[in-house]
Amino acid sequence: MATTSAYNRDDRTFPYIAIMPVALIVLLLGAVPAGYTFLLSLQRYELINPPAVYIGMKNFVTLLTDDPRFVHALVFTLCFALVATSLELVIGFFIAHLLADREVSHFFSSMIRTLLLVPFVVAPVVASYTFKTLIYDQTFGYLNNVLKLVGIPGVDLFHGSIAAPIGILVMELILRTPFIVIILYAAISSIEVSIFDASKIDGVNWAQNIGRVIIPVIRPIIVIGCILRFMDALKMFDEIYVVTAGGPGYVTENLSIFATTQAFTYFHMGYAAAAAFLFLLVVVFLVALFMRRIRL
Amino acid sequence: MNRTIRRGIVVFLAVVAVCAMPALLFAGGSQEQKAGAASGANGNWGNVNWQQFKGKTLNVLITSMPVAEVYKKQIAAFEALTGMKVNFELLNDTDRRKKQIVDFSSHMGEYDLGNIGFANREEFAQPGYLADLAAYVNNPKLTDAAWYNIGDYPKDIIAAGYSNGKLVYIPFTAEFFLLWYRTDIFKQLNLSPPKTFDDLRATAAKLDAARKAGQISAYAWVDRELPGSSEAGWNLFCTANRMNVDFLNYKAMTSNVATPQGKSVLTFYTSMIKDYAPPGTGNWSWGEIAQAFKSGQIAMTVGGNASYTYLEDPAQSKVAGKVGYAPPPMTAEGRDPLWEWGWGLNADSKNKDAAWLFVEWATSPTLMNQIAPEYGVPARKSVYAAPGFIKAMPGQQFIDAELFMLNQGVNPDPGLINAKYGETADIISKEMSNIIAGIKNVDQAASDADAALSKLGYTPAH
């Protein structure tokens, strides 16, 4: 028995044709470089000592079993991304919730939202230099001068192994939380007022309103924001490169800094490619896991 | 009749105007060309046919730095002199180095030539990415040897351009560390510039005591601390060389980091910072040190000789006219590793002869005499006696310090010049950073550095 369809053959093939240009671009910009990176990762390829030699999986084995620096960078990258994304989500949600509150004046809300857009128009390198010199620095920065005025000792990013990660985290929160605020504000604002009115009649309190009304309704937006920010935090480069260069010691060295250093300071292109490929696998695995758990 | 004459005059004038217009335009063009050529031909350019590659295009890559801006202003003159076109691309040093090594190693020959830093020389020379320039210097069709006068280079300065007997670049700057100190503070406290490392510590202690007593506000000392081979790694290795210590013997593949000598360098470098530098300077590089010095917050440091331009600019420096310059403290056998920039030819360039003309022009006595007053650190010694250069410098003390370093203060073949410098210096500078941050003591840091270096094949020397 022949299957029937409401669409003719041309109608069914059109979406594939329409999506082809984008698919090709994704293939050229994503799959081809990833494939080339994998090929590189199978070689001992030293820019200053050519030619490249095929060594199979040796780079991967060394990275995972005999390079504590890589393991540290991997752990730091994952921990930092998890902590930064979680905090950005929590802080961003509450700011968005406040701004979307009907009790808050529209003028005040729009003014704050406009100010929150500032980090988007500042280049990450510029923002990083601003934090490094004008905010954190004890000689030139105003943060420490303000702290001194109120009798609090200054912040020294390069003292001990805790201050630098916290300094980078605070910077990341200030620069990136507005992204979460903006998209969650849009999501909360789009919830029908009648839903809030109905929940009020049902007697829900503030916490129940958030947990049982707002979050379930805007969950897809939260997940998208979370994934985008998580991936961004995983591949963070400019901020660390400018403010700490991975230091003190190796304390703030993440995988992006590690791979870049291996490639362009040490010239181990094959080894750097292996690190980058492992990083890619970790990111894909985590994002897939995340999306599966959230069931977007 | 009158009408006919008038019409005739108008027609005549119109014909003259139409005929004259192209001539006037061409005359204007040739006047511009003459002006350009005059600029290019200003001075003695030797007995070289500069137009022999007319019409060719050269791609030049250079680090964005003050001397690059000086060269950039002269490119039109070179184009007028040679009839060639030059794409002169400036990039920050990190990106310049990456782009250059990727291009040179790919053998594509996209860039015909570029600047090569002394410390990174072997990254390009060892794999054979740079052409041997001796063949071009000795080619009478390309070089007027008497006019070019390569003997004008101090022996240590030109020696640094050689790698395994090949002349891989011709220097255009000669840079090294000088001690910068505040003459007003030194006069107030009756101090003299230190010559030895013991003097340096003693002077820093006196300056620090004066700051704590409220006599001065400036901190005694600071040095580069941001980890990285091109950051604090360079200053640390140079300090070691001035103490006559090599952290690594690249030929024997041994590490001296955890030897008493290696540890004494680490101890001196980090303790000077911990004891006498402003608080929170662990991520300081050149930019912050220069800014702090210019704003009067530092009494003494070591910095590059090329930096005098911004220290002595009253528009941006509070200490202009109050800075003294002296050779940096060294032990009797110690020397400062020279730093210089040179022009190197891509061995895979398709325009090597034409590109050599650019190198010859850029490093010629004629051009260097013209432009040296703008950047102050020329590689040719004759320039240091030129009246225009002397007038443009901050003072005779500065020139004397430079001449001392040029003639006897620099080592043109320090052990640190190796293709593996970047990797090893990065590792050691990271451990230095751990010491400054208080994460490790000197013994632990030196031991951990040795452990990391041993994985690269270096045997601890102790």
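The values are calculated or read from the model by the stated rules, or taken from the named source; none is laboratory data. Worth saying up front: this structure is predicted, and the values here are computed from it rather than measured. FYI the Cβ positions are ideal-geometry reconstructions off the backbone, even for glycines, and counts take in every protein chain you see.
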*Going by the structure shown, is A:P178 loosely packed, with under 13 Cβ neighbours inside 10 Å, of a type outside the set (D, E), in contact (Cβ under 8 Å) with a residue 40 or more places away in the chain and in a helix (DSSP H, G or I)?*
no
*Hey, can you tell me all the residues within the range B:82-126 that are surrounded by fewer than 21 Cβ atoms within 10 Å (Cβ to Cβ), of a type in the set (A, V, I, L, M, F, W, C) and in a helix (DSSP H, G or I)?*
B:I101, B:V102
_Matching helices (runs of 4 or more DSSP H) fully within the range B:350-462 where at least 2 residues are of a type in the set (F, W, Y), within 30 Å of B:F124 (Cα to Cα) and away from every other protein chain (no Cβ under 14 Å)_ = B:352-362
*Give the range B:204-243 a look and list any residue that's β-branched (V, I, T) and not in a helix (DSSP H, G or I), or say none.*
B:I216, B:V222
*Hits in the range B:269-301 (condition: assigned to a helix (DSSP H, G or I) and surrounded by fewer than 18 Cβ atoms within 10 Å (Cβ to Cβ))*: B:S271, B:K274, B:D275, B:W286, B:G287
*Find the residue count for the range B:272-287, including only residues that are within 8 Å of chain A (Cβ to nearest Cβ) and either of a type in the set (F, W, Y) or over 24 Å from the mean Cα position of the chain (by Cα) (or both).*
5
*If B:A290 satisfies every condition in (1) closer than 26 Å to B:I436 by Cα; (2) in contact with a strand residue (DSSP E or B) (Cβ under 9 Å, 6 or more places away or on another chain); (3) away from chain A (no Cβ under 14 Å) but one, which is the exception?*
(3)
*Looking only at the range B:352-376, count how many residues are under 17 Å from the mean Cα position of the chain (by Cα) and closer than 14 Å to B:V60 by Cα.*
2
*Of everything in the range B:200-234 that's within 14 Å of chain A (Cβ to nearest Cβ) and of a type in the set (S, T, N, Q), which residue is surrounded by the fewest Cβ atoms within 10 Å (Cβ to Cβ)?*
B:S217
_the range A:114-149 - residue that is under 23 Å from the mean Cα position of the chain (by Cα) and not in a helix (DSSP H, G or I) and, of those, farthest from the other protein chains (Cβ to nearest Cβ)_ = A:L117
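This table checks each residue for (1) over 23 Å from B:N120 (Cβ atoms); (2) of a type in the set (A, V, I, L, M, F, W, C); (3) at pLDDT 95 or above.
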| site | (1), (2), (3) |
| --- | --- |
| A:G247 | no, no, no |
| A:T252 | yes, no, yes |
| A:I257 | no, yes, yes |
| A:Q262 | no, no, yes |
| A:Y266 | no, no, no |
| A:A272 | no, yes, yes |
| A:V282 | yes, yes, no |
| A:F285 | yes, yes, no |
| A:F290 | yes, yes, no |
_Could you go through the range A:98-113 and let me know if any residue there is among the small types (G, A, S), out of contact with any Cys (no Cβ under 6 Å at 6 or more places or on another chain), farther than 21 Å from B:A292 by Cβ and within 14 Å of chain B (Cβ to nearest Cβ)._
no
*Can you tell which of B:K212, B:K206, B:K263, B:K251 is among the charged types (D, E, K, R), modelled with pLDDT under 95 and in the same structural domain as B:L416 (by TED's automatic domain parsing)?*
B:K251
*Test: residue in the range A:1-10 that is surrounded by 12 or more Cβ atoms within 10 Å (Cβ to Cβ) and either of a type in the set (K, R) or more than 28 Å from A:T252 (Cβ to Cβ) (or both)*: no
_Exactly one of these conditions fails for A:I17: (1) surrounded by fewer than 10 Cβ atoms within 10 Å (Cβ to Cβ); (2) closer than 30 Å to A:A164 by Cα. Give me its number._
(2)
